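Below: the structure, in structure tokens.
The values are calculated or read from the model by the stated rules, or taken from the named source; none is laboratory data. Bear in mind that the values here come from a model prediction, so they are computed numbers and not experimental data. No Cβ is skipped: glycine too gets one built from the backbone with ideal geometry, and neighbour counts run over all protein chains shown.
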Amino acid sequence: MIDDINEQTDLFNFDRPVIKGYPELKWTRKSPYKSTQFFPAQLKERYGLPDENGWINKIFWGDNLQVMSHLLRNYRGQIDLVYIDPPFDSKADYKKTISLRGKVASNDSTMFEDKQYGDIWSNDDYLQFMYERLVIIRELMSEKGSIFLHCDSHKSHHLRCLLDEVFGPENFVNEIIWRKSNSHNDGKKFGCITENIFFYSKSSEYTYNKQFYPMDEASYTLVEPETGRKYKSVSLNAPGQGEPRYFGDGNLLYPPVGTHWRWSQERINEALMMNPPKIFFSQNGVPRYKQYMDEMEGNPVQNLWIDFMAISSQAEERLDYPTQKPEQLLERIILTASNEGDLVFDCFMGSGTTQAVSYKLNRRFLGADINLGAIQTTTKRLAIIEKESRDTLLDKKAGFEVYNVNNYDFFRNPDEAKNLIIEALGIQAFSSNNVFDGELDGRHVKILPVDRIATKADLNDLVAKLPYKTYDKIKEENPNDPVDKITLVCMGHEPDLRASFQQMVGAYKVDILVVDILRDKSALEFKREAQAKVILKNNELIISSFYPMNLLQKLSIQKENVEQWNQLVDSVMIDYNYDGSTLKPQIIDVPEKNELVKGNYKIPSEHGKIRIKITDLLSESLELEVE
């Protein structure tokens, strides 16, 4: 168990000998994931209250490796079901069309596509990324736990090898094929209309509840006069044996030569004695039995799922979030592999379907995503469900909390981060250097990805491009001096990043400095703040203007050209008893797809401190305290 923020915890034994029958997937610079560091989380918002057992659900904004490292302290071995829909390595950027609310028709000045996340990887980076996350997911799972990993043909073959390695091939349960559409034009190949879901367990004690397709009521056309029960007439003979003309001898029935009954002779006799009898004779003397509809569970669900498809453009549950999955899909998985009260986790949360369905099915849940749009979409979705529960149910569901892990809200716009870091640190930028980003105080500077924790995999590209010929000359002339001085800039990093870099460059002595932006430059701001005018008058909170600067810049229009400020707003949350640290909204204004937020809100006269959160169409928020 982790005791403090700096302590590392053992995750996986990578020193085990190679065992026959347990193949491992290899890639360039595969890095064993032996330990991780605890990362702190900051509570930002709370919706509703804990349940009677003190439980409250949680979602986290941040790199899911950091989130899961945070969760290890309290949830190791406790998560009963994991569903993940990770990047597919589809070589595409997923975008969301942003347009002003309330517009009947849009043009280039009132709509644009905003990148939600990229799914473009080098092969080795993707494998290392997924490998590390699967290792830590397994540590979080309970002994009765299962994982359902959703993927497609891009990496399914590699992912199954990784799952075998981490969970063991003996814990493979199913490969589920989901038909997501009827037809697709893929040019000179067969249309790709299916996706894969790999089902693995932590142990042989995993939870499994058999699921059934709904009964086909149309086939139950007969009605029993005495009871009104629907039934259909079914042959007593085994399948493929036909229906012989055979008459019973009193109350005893015997199968004709060469056939056998579906039922035992004892059960047949019992059925004949029922009132009314469950066995009857057709007009031509063939014995048959009554299959009552209310006694049938349905046909068992198999590993080919074709009874629901991807969300259509007209679907009521559609949230316009890229890669959103239908609730039916998650409902089947959650009902199959968990029971009420179990803990469900999704660390690639997206639009929050896993969390929403878990909520409705009385499961506890945890969720995480690195994308701000995912956090905002999920928060809105869950806030509506929680409010409906609070308003309509006597047995209230647990609420949920929203956390940032490792102060992730510091980076609102990763695309702009590199230039802002260069400016803030006073780095002399290189205009045409494919190895380093600049120079500072006589040191080469490399800015690692700042929208997530820096790992050893992030060093691969840099190490491959280092000027080794120059290093050889320096080493020959001055064998005791470092061949280079390099500063790595990152937002959080694995504890052994510096040592890993030195190990990767081998015989070359390099002076390496790691600069953690969060620790060393916490005053940096990576966003342009919005502006708003909000007043309280006669116990009515009135928003008279709202100018989200990043959104207006992307729309490429002047703020005075927006007809109404609320065309730019996605939601409004108001806490009128703000405690000074955690937003706990009592007023939630989340309009329908093309409607507008109200802008005027009645506040109880006995209110305390008021804090309002206004979220724009980019999912960026402005929070204000109102005097």
How many residues are among the hydrophobic types (A, V, I, L, M, F, W, C), under 30 Å from the mean Cα position of the chain (by Cα) and at pLDDT 80 or above if we restrict to the stretch 514-535? 1
Options Ser619, Ser545: the member that is in a loop (DSSP other than H, G, I, E, B) and not assigned by TED's automatic domain parsing to the domain that holds Asp320: Ser619
Residues of the stretch 286-309 satisfying the condition of being of a type outside the set (Ser, Thr, Tyr) and either in contact with a Cys (Cβ under 8 Å, 6 or more places away or on another chain) or surrounded by 14 or more Cβ atoms within 10 Å (Cβ to Cβ) (or both): Val286, Pro287, Arg288, Lys290, Gln291, Met293, Met296, Val301, Trp305, Phe308, Met309
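Would you check if Gly102 is modelled with pLDDT of 90 or more, outside any helix (DSSP H, G or I) and on the phi > 0 side of the Ramachandran plot? Spell out the reasoning first.
Values: modelled with pLDDT of 90 or more: no; outside any helix (DSSP H, G or I): yes; on the phi > 0 side of the Ramachandran plot: yes.
Criteria not met by Gly102.
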Considering the stretch 455-485 alone, what residues qualify as being surrounded by fewer than 21 Cβ atoms within 10 Å (Cβ to Cβ) and in contact with a strand residue (DSSP E or B) (Cβ under 7 Å, 6 or more places away or on another chain)? Leu462, Tyr471, Pro482, Asp484, Lys485
For Asn478, all conditions in the list (1) modelled with pLDDT under 80; (2) of a type in the set (S, T, N, Q); (3) over 25 Å from Lys34 (Cα atoms) hold save one; what is the number of the exception? (1)
Within the stretch 53-81, the count of residues that are surrounded by fewer than 23 Cβ atoms within 10 Å (Cβ to Cβ) and outside any helix (DSSP H, G or I) comes to 8
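Counting only residues that are in contact (Cβ under 8 Å) with a residue 60 or more places away in the chain and within 19 Å of Ile84 (Cβ to Cβ), give me the strands (runs of 3 or more DSSP E) lying completely in the stretch 123-242 with at least 3 of them.
Working: elements: 141-151, 172-179, 194-201, 230-235.
In the stretch 123-242, the matching strands (runs of 3 or more DSSP E) lie at 141-151, 172-179.
Are there strands (runs of 3 or more DSSP E) fully within the stretch 561-605 with at least 2 residues that are surrounded by 13 or more Cβ atoms within 10 Å (Cβ to Cβ) and not β-branched (Val, Ile, Thr)? List them. First the steps, then the outcome.
On the way: elements: 569-575, 587-589, 600-602.
Here the list reads 569-575.
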Identify all residues within the stretch 448-478 that are assigned to a loop (DSSP other than H, G, I, E, B) and not charged (D, E, K, R); write none if there are none. Leu448, Pro449, Val450, Ile453, Thr455, Leu466, Pro467, Asn478
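Would you be able to tell me the number of residues in the stretch 369-394 that are touching a Lys or Arg at 6+ places or on another chain (Cβ under 9 Å) and within 21 Å of Arg138 (Cβ to Cβ)? Steps first, answer last, please.
So the first thing to find is which residues in the stretch 369-394 are touching a Lys or Arg at 6+ places or on another chain (Cβ under 9 Å), and the list is 370, 372-373, 385-386, 389-390.
Checking which are within 21 Å of Arg138 (Cβ to Cβ) leaves us with 370.
Residues in the stretch 369-394 being touching a Lys or Arg at 6+ places or on another chain (Cβ under 9 Å) and within 21 Å of Arg138 (Cβ to Cβ): 1 in total.
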From the set of residues in the stretch 23-43 that are within 18 Å of Thr455 (Cβ to Cβ) and among the small types (Gly, Ala, Ser), which is surrounded by the fewest Cβ atoms within 10 Å (Cβ to Cβ)? Ser35
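Would you pick out the residues in the stretch 387-422 that are acidic (Asp, Glu) and at pLDDT below 75? Reasoning before the result, please.
Looking only at the stretch 387-422, we keep the residues that are acidic (Asp, Glu), and these are 388, 391, 395, 401, 409, 415-416.
Correct list: Asp391, Asp395, Asp409, Asp415, Glu416.
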Look through the stretch 324-348, keep the residues that are buried (at least 18 other Cβ atoms within 10 Å of the Cβ) and either of a type in the set (Gly, Ala, Ser) or at pLDDT below 85 (or both), and return whichever of them is nearest to Ile193 (Cα to Cα). Ala337
Just to be sure before I move on: is Ile147 surrounded by 21 or more Cβ atoms within 10 Å (Cβ to Cβ) and modelled with pLDDT of 90 or more in the structure I sent? yes
Cβ-Cβ under 8 Å, sequence separation 6+ or interchain: first residue in the stretch 494-518 and more than 24 Å from Val67 (Cα to Cα), partner assigned to a loop (DSSP other than H, G, I, E, B) and basic (Lys, Arg). Which pairs? Met504/Arg29
